Every structure is written in structure tokens, then in C-alpha cells.
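Here the structure comes first, spelled out in C-alpha cells, and everything after it is commentary.
The values are calculated or read from the model by the stated rules, or taken from the named source; none is laboratory data. Just so you know, these numbers come straight off a predicted model, no measurement behind them. In this analysis, Cβ positions are derived from the backbone assuming ideal geometry, glycine residues included, and neighbour counts consider all displayed protein chains.
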Amino acid sequence: MTENTFVPKNLLAIETSCDETAAAVLRNGRDLMSNVIVSQVPIHRKYGGVVPELASRHQLEAIVEVVEKALIDADTDRSDIDAVAVTQGPGLVGSLIVGFSFAKAMAMAQKVPLTGVNHLHAHLTSIFLQESSPSFPYIGLVVSGGHTSLYIVRDFLSVELLGQTRDDAAGEAFDKVAKILGLGYPGGPIISRLSEGGDPMAFSYPRARLPDTPLDFSFSGLKTSVFTSVKQIQGTLPVRDICASFQEAVVDVLVEKAISAAKRYAIYDIVVSGGVAANSRLRARMTRDAERLGYRTYFPRLEFCTDNAAMVGIVGYHQIRAGMVIKEDADVYSKK
Amino acid sequence: MTLRYLLNGIDDTNILGRCLSESARPGDILLLSGDLGAGKTYLTKAIASGLGIDTREITSPSFTIIHEHLNGRIPLIHVDLYRLGRHADITEIGLEDYINGENLVVIEWAEYSDGPLLEQGLKIDLYLIDEEVREVCITARTDIWKDRLLELDGCMGKK
């Protein structure tokens, strides 16, 4: 670090990579002063998981109000903001552009530095929004509707991808199985709840272990297997058993692969983040299996599992301190 | 005109993907339809492989709706209308910008769009027969595609 290193005091963070419109103010890289999220999930639920109007248009309507509220909640003013961090990708381009353009304009108007954050890196470090946090390096598993990826997190600025899904994300599998069973949206919480009364051994659904790339994931075959098993059943569907058996298959694979990565790299801390990290069976099994082998497990609080801007602030703060400021012609990216 | 094949496992799907990629030209639109688990994303992987794209990059776009893969022989735009539902408005997701004569646009759950923009596309319907076997129906609705289907059938015959 050079002597000129700029250390942001009040950092404004913005996230619009998928369905959420979110803004947060992070003080001194640690203290979360505000965290505002406007989600389209209630709207999706009403329409059975479908996006009735594109996220980006909704975000365009919401962004000014969300940022204003983040500033007010933090008891700050635009003029107090001395750095801006924004999600640059991956995500839906139309959605990313809303937050990205806004952040660019804000940084330019206030004459403060702007940094572009990778959405997945933000999930990986969301654990630092709470007291009990892991030590570097740690194994990071991001499980959500759009992603299932395993990393070594070396520090706030360097992460290494170990494996990722080859087809469907785990959260997507939850949503699609819920759809197959005629349950509501989002699928994760509903399947989790129904599983409690079900037998996880009732159906033997496949676990994709992928010997050639053992840290990759695949949930497409599992989804197809649930679909074909449901088609074969005549009469009343044993919904709870199907949910429990399906959930167990997902959890088995996530737990096995996270622990296997920890073993392979001799790393003792495992952090699970993303929307599916809210799943109570995953939390229980990961904690039990990992701790039995001497690994420590960490899960962000529920509000930081789903998409939020606070986590973007964590990475953004460290990037700005490291001088990673983006140029004015920078663009968003859909895939990393 | 419709071509119909029985695909016995992923090897056959890989062959179909390779043949589709060999005959693909910039500006083409492929409209994939079929139930959950019918193999739409897998077929897209097989097409991408033929274009020289790392197949590990190809994942389901159900959540993120559009994935760009720009480093193959032809830029591949992988789209999924699943979350948009029936009567999806493809202009709203900016899909028109990608239909510009430069890209190969592959659209999953294409039946969800009823706009005229996709009428020039090649219709590919996948049916799940059992866990291994799929049936595929490839339908040309324009004269240009009819000629090209003969090419495709020739490719499938050779493999």
C-alpha cells in the first residue's frame, strides 16, 4: 500500500444484479449504517415465480428512492459519501446497467472514487457483516438461484474458483421442483418446510459426484429424476417425502463437496452464503458433518444470505483502499 | 418440414449439437421447447462445444435470463424465457439487440414468446421419453431453413 492510500469513511454501495434493488452505507469498512432492499419476490410469488414486468424497469423506478432511503437511514447526506461501490457483474445486463449507471453518475457528481464489484465475491465476503467471522484463507460456497460455486477466498481481493454448477443452480432446482409439485414460489422455503414431515430416504434421487471435476456441481439430473418419479406415481403424491428426499440429495452434495474442498486444500474454515444458505437442513448438516471433522462453519445472517448491497460495500471498501477504481468507460458483464 | 430423431443418451445429443453448430450461421435463432428436464440446456452445451466454447461456461440461464458467450466461432447468446412466463415480452429483456445478424441466439422455453420476432427461428422440440432417451423434432417454417434442414439431416446421417 502506498502512502496515498485512500480509506473511505462513508461508502455507498449499490446492487441491482438480478431482482433486488439495494443500497447500503458502510462506515469505516465495518459498520453497516443502513441496508435497504426492495425485492420483486413478493411480486414473483403472486405470479407463481414469473417476472411479470422486467426487473430492470422496476429497478429504474426504485433506484432513486432506495439510495435516498439508505442515506437517510444512515443519517448521512450525499455530500458525506466519499466512495461508491456497485455490482458490475455477473447478472442480467439490463438490471446491472440501472445500478451501474446510477453509481457512475453519483460518483462523478460527488467527485468520489467508484469501484465495480463482482456479485459472487460480495456473497463470499458477506460473512464479515457480522461479529463472528472466519480467518483467511477459507472455503467459500455460494448457493443461490443463479449460482452454485465453490471458492478459496484468500483475502478480500483474491478468490480462486474451484468448481461450479455445470447446469442448474441449487436454488433453481428448488424452484423447479416446487413447480413440478405444484407448490408456490420461491421453492426453497416451501420445500424446506414441507421436508420437515417427510422421509428423506423415501426416494433415492441421484447425487452427481462428477469424478472428473469433483468440485463441480450438477443438479439437472436430480431435477429430471424428480420429474420422472412424479410422473410415475398414481394417486396422491407423497409431497413431503419427495421434498425431503430431494432436499437431502441437494444437501448431501453441497456438504460433501465443501468438506472435500477443505480437505484437499487443508483449509479449516468453511463459509456458506447465498439464498440457499438460509436452508435450515443445509445449515444443520454442514455444521454437524464439518465440525465432526474439525472444520469450522460460518453462515451469514439470513438478511445477508439473499442479495443485498451491504456485502457489495465490504468488497468495495477493500478494493478502493487498494486503488481498484474503475474508469469512466467501464461496462457491466453478464458472465464472469 | 420436420426432422425427427430419437436420441439415445447424451452421445446422440452431442452429435445433434455438433451438427447444429456446424450448420449454424451468424444471425440464426434456435427455439428450444420441452418439459423441465427434457435437455434444453444440455443441447445448448453440445452446440456451444461445436462452436469452440468451453462447455463448463454453459449453465441454465433460468435465473439470469440471458448469458453471453462471445469467444466461440460465432458469438452465442443463450436465453431462457422460463421466468418470464407465457406471453413473454422479449423486447423488455433487450433480446432484440442480440438479434442483429452477428450472433447465434438459442432460446429455451421459446414457446413463451408469441411475438413475430422469433418466427424466423428454427423450432426444436425436445421430449423426455425416459431418463436416458429423448425425442427431438426440428421444424423449418421458412424456405431458407428447409434447405438447411437437408444439410443438417445429411450431417446426422454421417455420424
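Note on the range B:111-128: among residues that are without any contact (Cβ under 8 Å) to a residue 40 or more places away in the chain and buried (at least 16 other Cβ atoms within 10 Å of the Cβ), the one that is farthest from the other protein chains (Cβ to nearest Cβ) is B:Ser113.
Restricted to the range A:209-222, and to residues there that are over 21 Å from the mean Cα position of the chain (by Cα) and within 13 Å of chain B (Cβ to nearest Cβ), the residue that is surrounded by the most Cβ atoms within 10 Å (Cβ to Cβ) is A:Leu222.
The single condition from (1) within 14 Å of another protein chain (Cβ to nearest Cβ); (2) under 21 Å from B:Cys19 (Cα atoms); (3) in a helix (DSSP H, G or I) that B:Arg83 fails is (2).
Taking the range A:1-46 as the range and being of a type in the set (Lys, Arg), part of a helix (DSSP H, G or I) and in contact (Cβ under 8 Å) with a residue 40 or more places away in the chain as the test, only A:Arg45 passes.
Looking at the structure I just gave you, is A:Val226 part of a helix (DSSP H, G or I), in the same structural domain as A:Asp199 (by TED's automatic domain parsing), among the β-branched types (Val, Ile, Thr) and closer than 30 Å to A:Ser34 by Cβ? Here the answer is no, as A:Val226 does not meet what is asked. Answer yes or no: is there a residue in the range B:34-47 that is surrounded by fewer than 21 Cβ atoms within 10 Å (Cβ to Cβ) and outside any loop (DSSP other than H, G, I, E, B). No, the range B:34-47 contains no residue that is surrounded by fewer than 21 Cβ atoms within 10 Å (Cβ to Cβ) and outside any loop (DSSP other than H, G, I, E, B).
Residues that are within 11 Å of chain A (Cβ to nearest Cβ), in contact (Cβ under 8 Å) with a residue 12 or more places away in the chain and in a loop (DSSP other than H, G, I, E, B) within the range B:65-80 comprise B:Ile65, B:Asn71, listed in sequence order. When the residues of the range A:160-201 are filtered to those that are assigned to a strand (DSSP E or B) and free of Cβ contacts under 8 Å to residues at least 60 places away in the same chain, the one that is farthest from the chain's Cα centre (by Cα) is A:Glu160.
Return the only residue of B:Ser62, B:Ser23, B:Ser49 being within 23 Å of A:Leu222 (Cβ to Cβ), more than 12 Å from every other protein chain (Cβ to nearest Cβ) and touching a helix residue (DSSP H, G or I) at 6+ places or on another chain (Cβ under 6 Å). Going through B:Ser62, B:Ser23, B:Ser49 in turn, the sole match is B:Ser49.
Restricting the range A:139-159 to residues that are of a type in the set (S, T, N, Q) and not in a strand (DSSP E or B) leaves a set whose member that is surrounded by the fewest Cβ atoms within 10 Å (Cβ to Cβ) is A:Ser158. Counting residues in the range B:140-147 that are in contact (Cβ under 8 Å) with a residue 60 or more places away in the chain and among the acidic types (Asp, Glu) gives zero. For the range A:151-171, what are the residues that are closer than 18 Å to A:Asp212 by Cα and more than 9 Å from every other protein chain (Cβ to nearest Cβ)? Hits for the range A:151-171 are A:Tyr151, A:Leu161, A:Leu162, A:Gly163. Among the candidates A:Asp329, A:Asp289, A:Asp241, the residue that is modelled with pLDDT under 95, over 22 Å from the mean Cα position of the chain (by Cα) and surrounded by fewer than 22 Cβ atoms within 10 Å (Cβ to Cβ) is uniquely A:Asp329.
Taking the criterion of being at pLDDT below 95 and either more than 12 Å from chain A (Cβ to nearest Cβ) or over 23 Å from B:Ile74 (Cα atoms) (or both), the residues of the range B:97-110 that qualify are B:Ile99, B:Asn100, B:Gly101.
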